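The values are calculated or read from the model by the stated rules, or taken from the named source; none is laboratory data. Keep in mind it's a predicted model, so treat the numbers as computed, not measured. We place every Cβ from the backbone using ideal geometry, glycine too, and count neighbours over all the protein chains shown.
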2 protein chains.
Amino acid sequence: MDGAQAPECDFPLANLPYGVFSTAGHGPRCGVAIGDHVLDLAALAAGGLLPAGDHGFDQPSLNRFMASGPEAWAALRARLTDLLAEGGSPDLRENAALRARAVLPLAAVQMHLPVEVKGYTDFYAGRQHAFNSGSILRGPENALTPNWSHMPIGYNGRVSTVVVSGTPVRRPLGQVMGEGAPTFGPSKRLDIEVEFGAIVALPTELGQTLTVAEAWEHLFGFVLLNDWSARDIQRWEGQPLGPFQSKAFATTISPWVVTRAALEQCRRSGPARDTALLPYLQEEADYFFDVKLEAHLAPQGAAQASRIVQTNTAHLYYSAPQLLAHHAVCGCRMQTGDLLGSGTISGPERGNFGCLMEQSWGGRDEIALEHGGSRIFLEDGDSVTLTGWGEVNGQRIGFGRCEGQILPAATAVGKAF
Amino acid sequence: MDGAQAPECDFPLANLPYGVFSTAGHGPRCGVAIGDHVLDLAALAAGGLLPAGDHGFDQPSLNRFMASGPEAWAALRARLTDLLAEGGSPDLRENAALRARAVLPLAAVQMHLPVEVKGYTDFYAGRQHAFNSGSILRGPENALTPNWSHMPIGYNGRVSTVVVSGTPVRRPLGQVMGEGAPTFGPSKRLDIEVEFGAIVALPTELGQTLTVAEAWEHLFGFVLLNDWSARDIQRWEGQPLGPFQSKAFATTISPWVVTRAALEQCRRSGPARDTALLPYLQEEADYFFDVKLEAHLAPQGAAQASRIVQTNTAHLYYSAPQLLAHHAVCGCRMQTGDLLGSGTISGPERGNFGCLMEQSWGGRDEIALEHGGSRIFLEDGDSVTLTGWGEVNGQRIGFGRCEGQILPAATAVGKAF
């Protein structure tokens, strides 16, 4: 467990985020990050060290454990804390054979999607981002649509292309607006979106609704999320039914799910509101978080990545349980493994804007990279890495890395390409 | 197999649609409709009567069989035709014990979703519907957005609420535009959308694209689809990211998937086009169908249902393989079990319009019901039934019924309601 005390470590004992990993010759199973190691939960369960219950830790997703509910989550967190704390239970510390099987260096494992994503919904819950995007497209006087301050605006995303950090992202082909007629080819305005993703643990039945307080209890935890976006395709296809192919080629999430319990001390109250929310969206507790988010860009072959975004989840206007309560209020069945993206999170200054579209103000301005070069949108070979962390007692409650590298577009359409 | 020769029967020998059914004491497995019976494919396979291969007929979805590919589909169709045809193989006809297990009255089985729906995408591929909807909202001169004639406009729908025919539909709660501020409550403008759904059988890899001809080969078959819609919620939430909660409460599909092979003689060429399509959407074969579609509405307790819609899939502007080719062209991974809705299919006259929004022209006109009463939008207790069929040699290649009844809305928000 070396490194768990280092201040820059994402995974101190107070965090215990969940993920799915594999090793050479042993397929995906559930684990917990601690320092620079991963604890194999399937091995611990097989060794009899974990609370009773069939939580499916030998499965390639956290879904079964998530569905087991808050008491099981709390019991496991308490037991892991006891097993790992100085002066805690000796059951793991003094079992060398089990330690050898169950405590593995993070550097030696491959991470997978932590959950089987059942539905992926992307919201638009950051006010500064909505204002900036609207200003670029429609001018500042019409930036926010009239509905925006009354409810979380969202759309269904594409589940099949939610990928784990490290998966390369191929530049998409698509139609874009041309002179008189559209043209077809690789997107020239490839962008990132720095988002916070909430993972739904408990399902609802068809027709059932949730209060905001109930929705909070249905959430398991959070991930970093990069909603890769092709702005030129989005601009042309977006009316009247919203973004589709411009978002469907990839959405990258962090491999680690940080739980509500780990972020308990990072909770914050919501923003000041000009407009009172309708009762079904009002909340009586602090469901926002102070989680710092950054994005770094490394051109291909660059020695150092340049920080391009510095923002914070506290800039959101709607909380995760508000997103979920709104989602369910029509009777939409929610499922274990649903992923709710916050939408791009932008702060007040240019360097806090969570996508290149905003930072370049619609492609007008070059964005200087601190370690050389500049960008307006992404180039082939660029790697983008999101990081994020709350701070508790001087330690980071971190998410690890959420990264992807841009591959060149296909050269033609069809299976042969 | 009584009834397979009756002209009004949806399921003659030339059809052989696939579905998933259960019986008292025996869970969901795959079957084929023939006349007023269902053939239990799991029982036939266990009896050694079907071509070799592990097609998962004992599973509660057609997904494994769909993934097995065109050769397996053709082999099974040929074998079933031989087993069921007069003068064909005696293997089933002369095996009374197996017949008793494997040939069941349709009236005695319960139907389930035929496929595990992995992604649900709803398009907007009917020109008359797009023109009517745009005319109601923006006037006829701006009815079609500039992109409409260049590509299939679509959006990701909600997978978790795709339900099989017969599932009740609870009237959704939601926000609607009010005087000065939005209000919250049950939708007052609940509508249907008469659609044709295509089922994707063969997957693609992340980043892979498909030509239209390749996309055709990836399709398994078709279902009827009713995209229930809350027009007042849709109107308020729809900008800028498209429909969300207004469509997420339920989407009903027929229990039977009619295959491409069954509809082979119903194929037609596409529409005349003012605008040439970009090469990736051009098609060199007839990928449209002459399939008649109807909707009937029965008020609660009514002795007879009134026909409210008469239309035809031939009114579509984009074919199913065009939808799929466009969907995959950005590199979006397609999966076995993806469902692609056509969008509402409207013909030229009022009675051909595929939703109440069009028939009432935005809620302005009452729609008289032939058996008494009238509607503008749906009322609690109303049942709506879609039917559809191609015609081959005077026989119907039908889809069965796609129906749902409207339940009253919840009285408040929260799990207790």
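Structure data summary
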| item | result |
| --- | --- |
| Test: residue in the range A:220-228 that is in contact (Cβ under 8 Å) with a residue 12 or more places away in the chain, crowded, with 24+ Cβ neighbours inside 10 Å, within 30 Å of B:G343 (Cα to Cα) and of a type outside the set (S, T, N, Q) | yes |
| Qualifying residues in the range A:131-146 (those that are more than 9 Å from chain B (Cβ to nearest Cβ) and touching a residue at least 12 places away in the same chain (Cβ under 8 Å)) - the one nearest to B:G174 (Cα to Cα) | A:L144 |
| Positions within the range A:199-235 being within 19 Å of the chain's Cα centre (by Cα) and part of a loop (DSSP other than H, G, I, E, B), in sequence order | A:A201, A:L202, A:D227, A:W228 |
| Residue match in the range A:22-32 (condition: of a type outside the set (D, E), under 24 Å from A:I397 (Cα atoms), modelled with pLDDT of 95 or more and surrounded by fewer than 19 Cβ atoms within 10 Å (Cβ to Cβ)) | yes |
| Some residue of the range A:317-325 being in contact (Cβ under 8 Å) with a residue 24 or more places away in the chain, within 12 Å of another protein chain (Cβ to nearest Cβ) and closer than 30 Å to A:G174 by Cβ | yes |
| Top-ranked residue of the range A:394-405 - restricted to ones that are buried (at least 21 other Cβ atoms within 10 Å of the Cβ) and at negative phi, ranked as farthest from the other protein chains (Cβ to nearest Cβ) | A:Q395 |
| Number of the exception - A:T275 against (1) in a loop (DSSP other than H, G, I, E, B); (2) more than 14 Å from chain B (Cβ to nearest Cβ); (3) surrounded by fewer than 24 Cβ atoms within 10 Å (Cβ to Cβ) | (2) |
| Condition check for B:G174: facing chain A (nearest Cβ under 7 Å), surrounded by 24 or more Cβ atoms within 10 Å (Cβ to Cβ) and either touching a residue at least 12 places away in the same chain (Cβ under 8 Å) or not in a loop (DSSP other than H, G, I, E, B) (or both) | yes |
| Residue count, the range B:39-88 (criterion: of a type in the set (G, A, S) and either touching a residue at least 24 places away in the same chain (Cβ under 8 Å) or outside the structural domain of B:A102 (by TED's automatic domain parsing) (or both)) | 9 |
| Options A:E283, A:E294; residue that is outside any helix (DSSP H, G or I), more than 29 Å from B:G119 (Cβ to Cβ), in contact with a Pro (Cβ under 8 Å, 6 or more places away or on another chain) and not aliphatic (A, V, I, L, M) | A:E283 |
| Flag if A:T121 is modelled with pLDDT of 95 or more, within 12 Å of another protein chain (Cβ to nearest Cβ) and touching a Ser or Thr at 6+ places or on another chain (Cβ under 9 Å) | no |
| Any chance A:A368 is more than 30 Å from B:I406 (Cβ to Cβ), buried (at least 24 other Cβ atoms within 10 Å of the Cβ) and out of contact with any Cys (no Cβ under 7 Å at 6 or more places or on another chain) | no |
| Residue that is surrounded by the fewest Cβ atoms within 10 Å (Cβ to Cβ) [pool: residues in the range B:236-266 that are away from chain A (no Cβ under 14 Å), among the polar types (S, T, N, Q) and under 17 Å from the mean Cα position of the chain (by Cα)] | B:T259 |
| Filter pass, A:E214 being among the acidic types (D, E), surrounded by fewer than 24 Cβ atoms within 10 Å (Cβ to Cβ) and facing chain B (nearest Cβ under 7 Å) | yes |
| B:N352 being farther than 30 Å from A:P168 by Cβ, of a type in the set (S, T, N, Q) and modelled with pLDDT under 95 | no |
| Out of B:G347, B:G388, B:G341, B:G373, sole residue that is surrounded by fewer than 19 Cβ atoms within 10 Å (Cβ to Cβ) and not β-branched (V, I, T) | B:G373 |
| Enumeration of residues in the range B:147-170 that are more than 8 Å from chain A (Cβ to nearest Cβ) and farther than 30 Å from B:Q300 by Cβ | B:W148, B:S149, B:P152 |
| Selection status of B:T81, of a type in the set (V, I, T) and within 11 Å of another protein chain (Cβ to nearest Cβ) | no |
| Some residue of the range A:180-198 being at pLDDT below 95 and over 23 Å from B:G238 (Cβ atoms) | yes |
| Residue among B:F184, B:F196 that is facing another protein chain (nearest Cβ under 7 Å), in a strand (DSSP E or B) and either over 30 Å from A:E179 (Cβ atoms) or β-branched (V, I, T) (or both) | B:F184 |
| Among the candidates B:G343, B:G301, residue that is closer than 30 Å to B:Y280 by Cα and either outside the structural domain of B:S61 (by TED's automatic domain parsing) or without any contact (Cβ under 8 Å) to a residue 12 or more places away in the chain (or both) | B:G343 |
| Residue in the range A:118-126 that is farther than 27 Å from A:L281 by Cα and acidic (D, E) present | no |
| Top-ranked residue of the range A:199-211 - restricted to ones that are β-branched (V, I, T) and within 9 Å of chain B (Cβ to nearest Cβ), ranked as surrounded by the most Cβ atoms within 10 Å (Cβ to Cβ) | A:T209 |
| Residue match in the range B:249-256 (condition: of a type in the set (G, A, S), in a loop (DSSP other than H, G, I, E, B) and without any contact (Cβ under 8 Å) to a residue 60 or more places away in the chain) | no |
| Residue in the range A:312-329 that is closer than 28 Å to B:V163 by Cβ and assigned to a loop (DSSP other than H, G, I, E, B) present | yes |
| Filter result for the condition that a residue is in contact with a strand residue (DSSP E or B) (Cβ under 8 Å, 6 or more places away or on another chain), free of Cβ contacts under 8 Å to residues at least 60 places away in the same chain and farther than 18 Å from B:S342 by Cβ, over B:L278, B:L190, B:L241 | B:L241 |
| Residue within the range A:281-296 that is over 27 Å from A:R138 (Cα atoms), within 14 Å of chain B (Cβ to nearest Cβ), in contact with a helix residue (DSSP H, G or I) (Cβ under 9 Å, 6 or more places away or on another chain) and crowded, with 22+ Cβ neighbours inside 10 Å present | yes |
